[in-house]
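The values are calculated or read from the model by the stated rules, or taken from the named source; none is laboratory data. Computed from a prediction, not measured in an experiment: that's the story for all the values here. Cβ atoms come from the backbone with ideal geometry, glycine included; neighbour counts cover every protein chain shown.
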Amino acid sequence: MSPAHRRSQPPAVCWGPACARRVRQEAQQATVQALLQALELKDPYTRGHSERVGDLAALIAVELGAPAARVEAVRLGGTLHDIGKLAVPTGLLRKNGPLTDEERRVIQLHPGDGDGVLRGIAVLGEARAAVLHHHERVDGAGYPYGLSGGRIPEAARIVAVADAFDAMTSTRSYRSARPDAPALAELRRCAGTQFDPMMVEALARALAARPPAPGFSGPAAPATPEPLPTLCGATAAVEGPLLARVAAHPPTWAWLDAGAKGKGVR
Ligand SMILES: [Fe+2]
């Protein structure tokens, strides 16, 4: 049978719950891929970043002992975390140079816009909470709702760490990739203010346990060491009471609380 003839055939018909589940999964994957392609066309910077953040988020969730279904929800949340940037003007997304206050305000709408884009896709569930809250900070200084500590859904706290780590360790057009160690050090410096320390340490453990990729001989050192960007300000300090507040919310993976469901948040 020629490829052209195969293409003209109707899809194979299947029956039963397993078939329905498979069709739903395929439809979900196709939808996610279409959304990501649209975002990458608009903002080439995000090429590959979305999938890497999804993979890193899944790595953290596995390290925390999450069941398989939740790992996939966290992965999906990481993959789609910036989908709301579809609503940001292209010129602003690609702007070189500092942003004005108004431009920053527009960009900070993207978590809410992402939540709006995904609202009609019921199967996303917890992944949407990660999209909506991935720029919250555990000290309450993030956005869009200024949630703090354990009120931030766990999936969002995971994705925040994965997002920052990939941003520091992947190659950008204006600089080479940074090694894992200084990036982890920066995450640890910001643990307790910007990031949940539990998620940072889970990432560190997962990376330490991860076998190197075939042929990988360690990250190449840049010819001239480049300083890492500071994620949480030069004087960020770990706050004792805040750490206690975060520690009071261990990863029970039953976090569909008010924050995760969006109740009491808006
Ligand atoms: Fe974002």
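Annotations for the structure displayed:
Residue-wise test of (1) more than 16 Å from the ligand (Cβ to nearest atom); (2) among the aliphatic types (A, V, I, L, M); (3) buried (at least 20 other Cβ atoms within 10 Å of the Cβ); (4) at positive phi.
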| residue | (1), (2), (3), (4) |
| --- | --- |
| Glu26 | yes, no, no, no |
| Tyr45 | no, no, no, no |
| Ala66 | yes, yes, yes, no |
| Asn96 | yes, no, no, no |
| Arg104 | no, no, no, no |
| His110 | no, no, yes, no |
| Ile121 | yes, yes, no, no |
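- Pick from region 68-85, criterion within 12 Å of the ligand (Cβ to nearest atom) and of a type in the set (A, V, I, L, M), ranking: surrounded by the fewest Cβ atoms within 10 Å (Cβ to Cβ): Ile83
- Every residue from region 47-64 that is at pLDDT 90 or above and within 16 Å of the ligand (Cβ to nearest atom): His49, Ser50, Glu51, Arg52, Val53, Gly54, Leu56, Ala57
- Region 123-145, residues that are without any contact (Cβ under 8 Å) to a residue 60 or more places away in the chain, more than 16 Å from the ligand (Cβ to nearest atom) and over 20 Å from Leu35 (Cβ atoms): Gly140
- Residues in region 27-50 that are touching a Leu at 6+ places or on another chain (Cβ under 9 Å) and acidic (Asp, Glu): Asp43 alone.
- Filter result for Thr31 (of a type in the set (S, T, N, Q), on the phi < 0 side of the Ramachandran plot and modelled with pLDDT under 80): no
A quick yes/no check of all residues on (1) within 16 Å of the ligand (Cβ to nearest atom); (2) out of contact with any strand residue (DSSP E or B) (no Cβ under 6 Å at 6 or more places or on another chain); (3) over 22 Å from Gly77 (Cβ atoms); (4) of a type in the set (Ser, Thr, Tyr):
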site: Glu154; (1), (2), (3), (4): no, yes, no, no
site: Ile158; (1), (2), (3), (4): yes, yes, no, no
site: Asp166; (1), (2), (3), (4): yes, yes, no, no
site: Thr171; (1), (2), (3), (4): no, yes, yes, yes
site: Leu184; (1), (2), (3), (4): no, yes, no, no
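- Scanning region 81-117 for residues that are among the charged types (D, E, K, R) and modelled with pLDDT under 90 returns Arg94, Lys95.
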